[in-house]
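So the structure is just underneath, and the comments pick up after that.
The values are calculated or read from the model by the stated rules, or taken from the named source; none is laboratory data. This structure is a prediction, so every number in the text was calculated from the model and none was measured. Here the Cβ is made from the backbone with ideal geometry for all residues, glycine too, and neighbour counts use every protein chain on show. Only protein heavy atoms, including side chains, enter the accessible area calculation; ligands, DNA and RNA are left aside. Shrake-Rupley method; radii C 1.70, N 1.55, O 1.52, S 1.80 Å.
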Amino acid sequence: MSKFVFITGGVVSSLGKGLTSASIGLLLKSRGLNVEMLKMDPYLNVDPGTMNPFQHGEVYVTEDGAETDLDLGHYERFVGHHMHQRNNITSGALYMDVIQKERHGDFDGATVQVVPHITNAIKKSWLRLEKPGVDIIMIELGGTVGDIEGLSFLEAMRQFQLERPVEDVAFVHMTLIPYLRASGEVKTKPTQHSVQKLREIGVQPHVLICRTTQKISDENRRKIAMFCNVRPENVIEEQDVAYSIYQVPVMLMEEKVDEILLKQLHLPVPPIDLSQWNDMLTKVREPQGKVKIAVVGKYISLTDSYKSIYEALTHAGIANHVEIDLLKVEAEEIEERGAATVLEGVQGVLVPGGFGNRGVNGKIAAIQYARENNIPFLGICLGLQCAVVEFARHVCGIDDAASMEWMEPGKEDISRAVVALMDSQQNVVERGGTMRLGAYACWLHEGTKARSAYGVEMIRERHRHRYEVNPAFVQTLQDHGLIISGNNPDSDLVEIIELPNHPWFVATQAHPEFRSRPVDAHPLFRDFVTAAKNFS
Ligand code: GLN
């Protein structure tokens, strides 16, 4: 039987609950336990796939092609193993499932209600993760206690603890302890209120994790413990980190959160091995120089929109023993001010994925600038498509080359669509086209930079796109010097391209950022940063 740890949040959103859950997951795993993670999102969208990155941040794609919440990225980066569709559930998906069953007559004419039908569906999504060999299932509830949307999940938690032996369930609640500069005091009242709210529903947290900028005094710890009905040693302080989010697990280990949870769950406390993680942190702490990388995108103002890209760059920095000096560039700024002005002094240019045509000309200008000035370049998904269009326009002389995605609907011109929609037979089509989602194989060609980065012949990377390099143009592109470094072994579609006679110019149709780990940088990001480090 598996044990369950539930993590809720209170007081404010954006407390870093995902990071904290992932950090606890890492600590438990580093003690040799087998940990499963689940993120529950209370919103009514069926999945985050169609949500605006400005509102929701990045859509994290799993190996099995699920479009999930970005917290799954934290889980993968910290805990280290692959997440799947089953590791993220939304209210929308649960309601859809229950309503479909109702239409199908599965409830025998009963009145279908939040309690018990939705709460049962919620509990079923937890029990699906319980398998022999899975020691602990960590379940994080998105949002903040008191949100209307989260109520059914909290109710399900309350029921669940009654249905399981007491030692099977632990509740962790994360809150904020604000510091009032004017009076020089930390305030515990919001935490008290948030725990009260939780207790009203019938959930008593065992552990409180308090985000704070100040040290919590013993006196305050006792006060929080007393008012929140928690043991003083179970009041955990999580201070803002000094230099890296990857410090969080170490901080939480010093506060003994993993040991406390294991004791609560009546599990033995095996020794911990965090040596690989600590080695990585040493490199983060003592970088030998900086590398200036420009990321040219269109959702630049919101950090979370390119979360995995920034993390993968950080990992590549760690692998190269340098700090990444990130220049976030709004593609439209390049359209207004020119690539040479905006990108002055950068040692590498990265164009990430994206949808629609806003800013594409800025991205293309950035790529042209990188190509012509021998600046290392990494293109990801839309970044590859823009690189192919740039090459077609400026090297092959197809002046009006474009992606079909950027053409007016109903007026698509296939004759200049170097990037196009395909049907399953690899014919160009004007409408439809299914999203290529999840991991696909790619065959890497001998002698290419991509092959030398990966070091193997066959790789698998995650995809999330509709458009592809149009096979009708591949010969022309190659005749003008573009190298196809990787193809899909089944469809022969172009997966990776690169340029000869350039220090490092590689673009991929996939999203390698999702597979990068702090202790194991992604080979393409790693070699990109190595090339950038050597650029002068
Ligand atoms: N919009 C492009 C497509 O659908 C690229 C998608 C992406 O960058 N993820 O093919």
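Rounded to a whole number, what % of the accessible area of region 371-414 do carbon and sulfur atoms account for, probe 1.4 Å?
Numbers: 620 of 1500 Å².
Result for region 371-414: 41 percent of the exposed heavy-atom area is carbon or sulfur.
Remark: spin-label model distance GLN288-HIS84 equals 4.3 nm, labels positioned 7 Å along the Cα→Cβ axis.
Would you kindly state how much longer the chain becomes between PHE355 and ASN120 on full extension, computed as 0.36 nm times their sequence separation minus their alpha carbon distance, in nm to one decimal?
80.9 nm
With a probe of 1.4 Å, find how much accessible area region 266-369 has per residue, and write the answer as a whole number in Å².
42
When each of the peptides 251-260, 280-289, 39-48 is scored by how many other beta carbons lie within 10 Å of its residues on average, the order from highest to lowest is 39-48, 251-260, 280-289.
How high is the FRET efficiency from LYS215 to ASP413, r the C-beta distance, R0 51 Å, rounded to 0.05? In this case the efficiency is close to 0.20. The stretch between PHE227 and ASN373, if pulled fully straight at 0.36 nm per residue, gains 46.2 nm over its current Cα-Cα span. Projecting label points 7 angstrom from Cα along Cα→Cβ for SER275 and VAL46 puts them 4.9 nm apart. Per-residue extension of 0.36 nm, minus the Cα-Cα distance of LEU267 and ASN534, leaves a gain of 91.1 nm for this segment. Take the Cα of ALA441, go 7 Å toward its beta carbon, and the backbone nitrogen atoms of region 484-509 under 14 Å from that spot belong to 487-493. Modelled label positions at SER491 and ASP106, each set 7 Å beyond Cα in the direction of Cβ, lie 3.1 nm from each other. Beta bridges assigned by DSSP with both partners in the chain are antiparallel in approximately 35 percent of cases.
Helix 360-372 versus the longest principal axis of the chain: what is the Cα-based angle in degrees, 0 to 90, to the nearest 10? Value to nearest ten degrees: 60. How many angstrom lie between the Cα centre of region 242-264 and the Cα centre of region 500-525? Between the Cα centre of region 242-264 and that of region 500-525, the gap is 31 Å. Applying a threshold of 32 Å to the alpha-carbon distances of LYS189/LYS290; LYS123/LYS307; LYS29/LYS124; LYS17/LYS449 flags LYS189/LYS290; LYS17/LYS449 as lying beyond it. Note on the chain: dipole from Cβ charges, positive end direction compared against HIS173, CYS381, ALA532; the farthest Cα belongs to HIS173.
What translational diffusion coefficient, in µm²/s and rounded to a whole number, does the Stokes-Einstein relation yield for region 1-131 at 25 °C and a viscosity of 0.890 mPa s, taking the hydrodynamic radius as the Kirkwood radius over Cα pairs?
The estimated diffusion coefficient comes to 153 µm²/s.
Charge tally around GLU254: other residues with Cβ under 14 Å, Lys/Arg +1 each, Asp/Glu -1 each, net -4. FRET efficiency for the GLN425 to GLU254 pair, using the beta carbon distance and R₀ = 41 Å, is estimated at 0.10. Accessible surface of region 56-186, 1.4 Å probe: 54 percent of it comes from carbon and sulfur atoms.
How do the peptides 368-381, 196-209, 159-172 rank, highest first, by the average count of neighbouring beta carbon atoms within 10 Å per residue?
Listed from highest to lowest mean packing, they are 368-381, 196-209, 159-172.
Of the trypsin sites (Lys or Arg not before Pro) found in region 392-493, the ones in coil according to DSSP and having at most 10 other Cβ atoms within 10 Å of their Cβ are LYS411, ARG431. The residues of region 1-114 expose on average 38 square angstrom of accessible surface per residue, using a 1.4 Å probe on protein heavy atoms.
Based on the mean of other beta carbon atoms within 10 Å per residue, what is the order of 114-125, 317-328, 21-32, most packed first? Intermediate results must be reported in sequence, preceding the final value.
Working: 114-125: 17.3, 317-328: 19.8, 21-32: 24.0.
Most protected by this proxy first, the peptides run 21-32, 317-328, 114-125.
Taken one residue at a time, the phi angles of region 161-170 give Karplus couplings (6.51, -1.76, 1.60, θ = phi - 60°) of 5, 7, 7, 10, x, 3, 7, 8, 10, 10 Hz. Gly and Pro are set to x.
Tell me the per residue accessible area of region 416-536 using a 1.4 Å probe; a whole number in Å² is fine. Can you show the working numbers first?
Numbers: 4890 Å² over 121 residues.
Per-residue accessible area for region 416-536 comes out at 40 Å².
For region 130-169, the Kirkwood estimate of the hydrodynamic radius, built from every pair of different alpha carbons, is 11.8 Å. Working note: Cα atoms of the chain, range along each principal axis, descending, whole Å: 73, 63, 44. Within region 152-201, all pairs of alpha-carbon atoms sorted by distance into 10 Å bins from zero give the percentages 21, 39, 24, 13, 4.
For region 419-526, the share of accessible area belonging to carbon and sulfur comes to 46 percent (1.4 Å probe, ligands and nucleic acids excluded).
Kirkwood hydrodynamic radius, computed over distinct alpha-carbon pairs, for region 183-266: how many Å, to one decimal? Result for region 183-266 stands at 13.7 Å.
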